[in-house]
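> Got a structure here, written out as C-alpha cells. Questions coming.
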Amino acid sequence: MWQGGDTPGEDLAVITFEHVAKSYPDGTRAVEDFSAEVPVGSTTVLVGSSGCGKTTLLRMVNRMVQPSSGRVLLDGRDVASQDPVTLRRGIGYVMQSGGLLPHRRVLDNIATVPLLEGVSKKDAHGRALELMDLVGLDRSMARRYPHQLSGGQQQRVGVARALAADPAVLLMDEPFAAVDPLVRRDLQQWLLGLQGELGKTVLFITHDIAEALLLGDQILILAPGAQVAQRGTGEEILAQPANDFVRDFVGLAAGERVLHPSGSGDRTVLLDAQGRAVGVLGEPGQHR
Ligand SMILES: Nc1ncnc2c1ncn2[C@@H]1O[C@H](COP(=O)(O)OP(=O)(O)O)[C@@H](O)[C@H]1O
Ligand SMILES: [Mg+2]
C-alpha cells in the first residue's frame, strides 16, 4: 500500500479524511467518525448500501458538504481553507445523476470548466472533441443536447466533463448506476483502461460490490453512518471478510456468489457462477 511521503511533491493529490462527521440540520447523523486516505494515482472505492453516507463523504472533498467535525485534506492542506470555486475547478466530479446542463450542447457541457477558466472557445472545443474520443462518444453527438442522448451516453459526457480540466482528483458518485448492465460493463472496462493510462486519484462510490471489486485498488466497505466495516484490497476482503456484515455484503455467507479465479495475463479475474467478471486480483500491495 502506498504511504504518503513527507517530502513536498511526493504526495500530489492525496485525499485525507481525518475523523470527519456530519449531522444534517434535521438531526440525521449521516457520517459518525470516518478516517481514510485516498492514495495518489489509484482508485479507492467506497461501497455501501443506500443512505450509509457515501455521497456526504464525497461532497466533503469539494466543499459541497461542510463536515460537522473533523477535516478533509488535499495534499495535506485543509480544503476548508481553500477557495471553493478554485478547489472545485481542480477536482473532477461526476454526479450521481448526470448533472449535465440541459440547455447546452454536449460540446459546451464538456468544455464548461475550460471555458470558465478563459480558454478560447476554439481550444476548449478542440479538447472537448478529444475527450469525446477518449470516453468513446462519437463526435457526431457533439452538437446534440443531453436529452437527445441515451443514459449511457450522458454518463460518458459527465465523465468527459469531469476530465476536461485535467484534474489530478476525480470524484465519481455511482457514475454507472443508471445505465443498463451491458453498458455498465463497457464503461467499467473503459474506466479501468483509462486509469491504467492516466493514473488519476479516483474516489469512486458504488452500492455494487462487484463493481467495487472490479475497479478498486483499495475498497472500503461502509455500514450506516459511514462506519468502515472493512478496508483492503478486493483480494484481502474476499479472502478474509472481517465480520458477518462484510460476509453478507460480499454475498459469501448465503453462497449467492460463487467466485472462481481465472488467469488472465499478469492479473487474475474473478468470475461468478454465470462466468461474468466480478473482480480482479492483483499482487497484494501493488497498485495498478
Ligand atoms: N441535505 C440533507 N439533509 C438531511 N439529510 C440528508 C441530506 N443529505 C443526505 N441526508 C441523509 O444522510 C444520510 C446519508 O446520505 P447520503 O450521503 O446521500 O448516502 P448515500 O450516498 O450512501 O446513499 C441519509 O440518511 C440521507 O437521507
Ligand atoms: Mg449517494
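> For Leu101, indicate whether it is in a loop (DSSP other than H, G, I, E, B) and either hydrophobic (A, V, I, L, M, F, W, C) or modelled with pLDDT under 90 (or both). If you could, list the steps in order and put the result at the bottom.
On the way: in a loop (DSSP other than H, G, I, E, B): yes; either hydrophobic (A, V, I, L, M, F, W, C) or modelled with pLDDT under 90 (or both): yes.
When the stated conditions are applied, Leu101 passes them.
> I'd like the full set of residues that are within 16 Å of ligand 1 (Cβ to nearest atom), closer than 28 Å to Gly234 by Cβ and in a loop (DSSP other than H, G, I, E, B), limited to segment 25-64. Break it down into steps so the answer makes sense when it comes.
We begin by selecting, within segment 25-64, every residue within 16 Å of ligand 1 (Cβ to nearest atom); these are 25-34, 36, 44-64.
The next check asks that each one be closer than 28 Å to Gly234 by Cβ; those that pass are 30-34, 36, 44-62.
The answer is Ser49, Ser50, Gly51, Cys52, Gly53, Asn62.
> Taking the criterion of being surrounded by fewer than 16 Cβ atoms within 10 Å (Cβ to Cβ), more than 27 Å from Val40 (Cβ to Cβ) and polar (S, T, N, Q), would at least one residue in segment 154-176 satisfy it?
Narrowing segment 154-176 to residues surrounded by fewer than 16 Cβ atoms within 10 Å (Cβ to Cβ): 166.
Going one step further and asking which of them are more than 27 Å from Val40 (Cβ to Cβ), we end up with none.
No, segment 154-176 contains no residue that is surrounded by fewer than 16 Cβ atoms within 10 Å (Cβ to Cβ), more than 27 Å from Val40 (Cβ to Cβ) and polar (S, T, N, Q).
Residue-wise test of (1) closer than 23 Å to Ile91 by Cβ; (2) touching an Asp or Glu at 6+ places or on another chain (Cβ under 9 Å); (3) of a type in the set (Phe, Trp, Tyr); (4) at pLDDT below 90.
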position	(1), (2), (3), (4)
Leu116	yes, no, no, yes
Asp123	yes, no, no, no
Val135	yes, no, no, yes
Asp138	no, no, no, no
Leu149	no, no, no, no
Gln154	yes, no, no, no
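> Name the single residue that is nearest to ligand 2 (Cβ to nearest atom) among those in segment 85-98 being out of contact with any helix residue (DSSP H, G or I) (no Cβ under 8 Å at 6 or more places or on another chain) and part of a loop (DSSP other than H, G, I, E, B). Full working, then the answer.
Let us first name the residues in segment 85-98 that are out of contact with any helix residue (DSSP H, G or I) (no Cβ under 8 Å at 6 or more places or on another chain), namely 85-86, 88, 90, 97.
Then keep just the ones that are part of a loop (DSSP other than H, G, I, E, B); that gives 90, 97.
Numbers: Gly90: 22, Ser97: 10 Å.
Out of the qualifying residues, it is Ser97.
> Identify the residue in segment 22-59 that is buried (at least 18 other Cβ atoms within 10 Å of the Cβ), small (Gly, Ala, Ser) and farther than 11 Å from Val72 by Cβ and, among all such residues, is farthest from ligand 2 (Cβ to nearest atom).
Gly41
> Of the residues that sit in segment 160-184 and are outside any loop (DSSP other than H, G, I, E, B) and free of Cβ contacts under 8 Å to residues at least 12 places away in the same chain, which one is farthest from Ile219 (Cα to Cα)? Walk me through it before giving the result.
So the first thing to find is which residues in segment 160-184 are outside any loop (DSSP other than H, G, I, E, B), and the list is 160-163, 169-173, 181-184.
Now narrow it down to the ones that are free of Cβ contacts under 8 Å to residues at least 12 places away in the same chain: 181-182.
Values: Pro181: 21, Leu182: 23 Å.
Applying the filter and picking the extreme gives Leu182.
> Something else: Hey, among the residues in segment 80-109 that are hydrophobic (A, V, I, L, M, F, W, C) and within 15 Å of Leu170 (Cα to Cα), which one's surrounded by the most Cβ atoms within 10 Å (Cβ to Cβ)?
Here is the first cut: in segment 80-109, the residues hydrophobic (A, V, I, L, M, F, W, C) are 80, 85, 87, 91, 94-95, 100-101, 106-107.
Narrowing the set further to residues that are within 15 Å of Leu170 (Cα to Cα) leaves 87, 91, 94-95.
Details: Leu87: 18, Ile91: 22, Val94: 25, Met95: 19.
Filtering first and then ranking leaves Val94.
> A follow-up question, please. Do you know which residues across segment 66-102 are within 16 Å of ligand 1 (Cβ to nearest atom), of a type outside the set (Gly, Ala, Ser) and over 17 Å from the mean Cα position of the chain (by Cα)?
Once the filter is applied, which keeps residues that are within 16 Å of ligand 1 (Cβ to nearest atom), of a type outside the set (Gly, Ala, Ser) and over 17 Å from the mean Cα position of the chain (by Cα), segment 66-102 yields Gln66, Pro67.
> Test Ala142 against the criterion of being over 13 Å from the mean Cα position of the chain (by Cα) and buried (at least 21 other Cβ atoms within 10 Å of the Cβ), and give yes or no. Can you show your working first?
Values: over 13 Å from the mean Cα position of the chain (by Cα): yes; buried (at least 21 other Cβ atoms within 10 Å of the Cβ): no.
So Ala142 does not fit the description; no.
> Still on this structure, I have one more. Consider Leu203 carefully, then state whether it is buried (at least 16 other Cβ atoms within 10 Å of the Cβ), within 16 Å of ligand 1 (Cβ to nearest atom) and part of a strand (DSSP E or B). So that I can check it myself, show each step before the final result.
Values: buried (at least 16 other Cβ atoms within 10 Å of the Cβ): yes; within 16 Å of ligand 1 (Cβ to nearest atom): yes; part of a strand (DSSP E or B): yes.
Yes; evaluated as a whole, the condition is true for this residue.
The values are calculated or read from the model by the stated rules, or taken from the named source; none is laboratory data. A quick note: this is a predicted structure, and the numbers were derived from the prediction, not measured. Positions of Cβ are backbone-derived with ideal geometry, glycine not excepted, and every protein chain shown enters the neighbour counts.
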